[in-house]
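What follows is a set of notes on a single structure, which appears directly below.
The values are calculated or read from the model by the stated rules, or taken from the named source; none is laboratory data. All values derive from a computational prediction rather than experimental measurement. Cβ placement follows ideal geometry from the backbone for every residue including glycine, while neighbour counts extend to all protein chains displayed. These accessible areas exclude ligands, DNA and RNA; they are computed on the full protein's heavy atoms, side chains included. Shrake-Rupley method; radii C 1.70, N 1.55, O 1.52, S 1.80 Å.
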Amino acid sequence: GLFCGGSWLALRALAQTHPTLGAVALVYLGATTLATKDLLDEATAVVEQLGCQNLSGARWRVARIVGRDTHRLDESELCRATVETLAESASDGIIAPLFYLAIGGVPAALAYKAINTLDSRIGHADDHNFWFGKFAARLDDVANFFPARLTALLLIAAAWLDGQDWRQAWRIWQRDAHRHASPNAGHPEAALAG
């Protein structure tokens with residue numbers, strides 16, 4: 001609420017005071033909600049390391065984009081970790097912010113990013129932040145409900161546009177999306193795996 005209401009008030013006041021500066025701030029803040037370049041660069045680096053049969057280099061690169069221990073991952077597990085991260089980040093870092101930009105502008109996108117950041121920072125079941133973490137995780141689940149499914153559909157459409165087997169992507173999405181512990185992450189992950 002603070003990010004949504006605060007940014008709305010600040011952008012409105014800035015636009016009334018100086019319309020050009022208000023427009024620049026609007027574009028800048030909207031752009032900050034999207035995370036595309038670093039993710040693609042890191043995933044490409046993993047693929048390059050695997051292409052060179054450099055497992056230790058691939059493990060080091062994967063460690064930069066996942067939150068798990070990568071020291072013992074084999075090639076298949078490195079590929080899986082990369083695909084999972086790409087899929088979930090495509091939803092969290094690209095499609096969801098665009099979704100919220102489309103339905104509520106910059107204030108809604110900033111609110112979404114605040115929710116997503118809270119989940120990644122405190123959305124764990126530890127003793128110290130149990131209820132705060134549980135609330136952050138559930139709020140993130142609600143905020144990602146539509147964007148996760150939209151991401152899966154867009155990944156299937158991208159497969160079709162690229163001449164890939166979009167039917168397989170659809171089948172795997174339908175078969176595996178609900179097998180994930182998260183109510184949302186399984187949707188883009190299954191579609192991308194397919």
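Relative contact order, percent, of the chain when contacts are C-alpha pairs under 8 Å separated by at least 6 residues?
Relative contact order for the chain comes out at 19 percent.
Only helical runs count toward this figure. For the chain, summing -39,500 (n - 2.57) over DSSP H runs of n ≥ 4 and dividing by all residues gives -24500 deg cm²/dmol at 222 nm. Net length available on complete extension from residue 146 to residue 44 is 34.0 nm, with 0.36 nm assigned per residue and the Cα-Cα distance removed. The portion of the accessible surface of segment 4-58 made up by carbon and sulfur, rounded to a whole percent, is 68 (1.4 Å probe; DNA, RNA and ligands excluded). Extension gain, residue 132 to residue 175: 0.36 nm times the residue separation minus the Cα-Cα distance gives 12.2 nm. Computed packing ranks the peptides 17-24, 5-12, 153-160, 80-87 as 80-87, 153-160, 5-12, 17-24, most packed first, by mean other Cβ atoms within 10 Å. Based on the Kirkwood radius over alpha-carbon pairs, what value in µm²/s does the Stokes-Einstein equation return for the translational diffusion coefficient of the chain at 37 °C and 0.692 mPa s? The estimated diffusion coefficient comes to 181 µm²/s.
Over segment 12-106, all Cα pairs binned in 10 Å intervals from 0 give whole-percent P(r) values of 16, 35, 21, 16, 9, 3, listed from short to long.
Distance between the pseudo-spin-label points of residue 158 and residue 103 (7 Å out from Cα toward the beta carbon): 2.1 nm.
The distance linking segment 133-163 with segment 8-24 is 31 Å (Cα centroid to Cα centroid, whole angstrom).
Ignoring ligands, DNA and RNA, what accessible area per residue does segment 65-177 give at 1.4 Å, in Å²?
The answer is 59 Å² per residue.
Percent of Cα-Cα pairs more than 22 Å apart in segment 68-155, please. Of the Cα pairs, 38 percent sit more than 22 Å apart.
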